[in-house]
Amino acid sequence: MASVLFLQHDHVSPPGPLAERFVDHGYDIETHQIVPGDRFDDPGVASNLPELVRYDVVVPLGSPWSVYDPRLATWLDDELSQFRALDRLGVPVLGVCFGAQALAVAHGGRVARAAEPEIGWYEVASTSPLIAPGFWFQYHFDAIEAPPGAVVLARTPSALQAFVLRRNLAVQFHPEATTELVELWLDPVGTDEVLEAGFDPMVLRQNTAERASENRARAHHLVDAFLEVVATG
């Protein structure tokens, strides 16, 4: 059976509907968490990554930290090196938010603080059938500059939202967002952060409740397209 590893950088980033769809495609699901919950405020743990080349697909998920946070070097350098090895071997990678930013940096792109954060549901303009146009959930303070050779697939007015590079697909938004996941992010740490950034947590909750079902279908489509087009390209 084919296997997919969901790489969780923290304790509040479950794969949700992304994992559901990989199961539908017959994949055996594994997860690996890098930073334990009790190190949330001190994420500079030693690298504990498995050998990513053991898997048929790797999906690095989000993170509350930025890829340029120097505390992460203790494990992020290993992660980036392994991403480059996966690329050389043609192992497909689907990077989500922080995972997308890590893919960009691993392959020569850049990530920097954005002029303004995106938190909530934003309309994404797509030029590719890989990315369904419309509203996707965002929670990020940084912006990606795509690596050399990458094809940009989607944007909002403020930020690049998706790129493809060989068998790597990176999405800045959160296709795995559900009402339960957004609640995890808001309670307890995220509420203050969201308020300080000028957003209303109750509006996020309401909009997520309205869009959760539609988003699950979009997430499933994303996995379908990734496996059909990118992973076999």
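Worth a mention:
- In region 9-35, the residues that are aliphatic (A, V, I, L, M) form Cβ pairs under 7 Å with partners that are modelled with pLDDT under 95 and surrounded by 20 or more Cβ atoms within 10 Å (Cβ to Cβ), at six or more places apart or across chains, as follows: V12/W185.
- A197 being buried (at least 16 other Cβ atoms within 10 Å of the Cβ) and either out of contact with any helix residue (DSSP H, G or I) (no Cβ under 6 Å at 6 or more places or on another chain) or of a type in the set (G, A, S) (or both): no
- Among residues of region 106-115 being out of contact with any helix residue (DSSP H, G or I) (no Cβ under 6 Å at 6 or more places or on another chain) and in a strand (DSSP E or B), the one that is surrounded by the fewest Cβ atoms within 10 Å (Cβ to Cβ) is A115.
- Scanning region 144-190 for residues being within 15 Å of F83 (Cβ to Cβ) and among the aromatic types (F, W, Y) gives a total of 1.
- When restricted to residues that are among the acidic types (D, E), in a loop (DSSP other than H, G, I, E, B), under 19 Å from S13 (Cα atoms) and touching a residue at least 24 places away in the same chain (Cβ under 8 Å), region 39-97 contains 2.
- Residues located in region 188-198, provided they are closer than 17 Å to T208 by Cβ and within 20 Å of the chain's Cα centre (by Cα): G190, E193, V194
- Taking (1) more than 14 Å from the chain's Cα centre (by Cα); (2) surrounded by 14 or more Cβ atoms within 10 Å (Cβ to Cβ); (3) farther than 24 Å from A150 by Cα in turn, D56 satisfies each apart from (3).
- When we screen A219, A177, A154 for residues that are within 13 Å of the chain's Cα centre (by Cα), outside any loop (DSSP other than H, G, I, E, B) and buried (at least 19 other Cβ atoms within 10 Å of the Cβ), the only hit is A219.
- Search result, residues across region 181-233 that are modelled with pLDDT of 95 or more and aromatic (F, W, Y): F199, F226
- Selection within region 116-136 - assigned to a strand (DSSP E or B) and either under 29 Å from S81 (Cα atoms) or without any contact (Cβ under 8 Å) to a residue 12 or more places away in the chain (or both): P117, E118
The values are calculated or read from the model by the stated rules, or taken from the named source; none is laboratory data. Remember, predicted model here, so these are calculated numbers, not experimental data. Because the Cβ atoms are built from the backbone with ideal geometry, glycine has one as well, and the counts that use them run over all protein chains shown.
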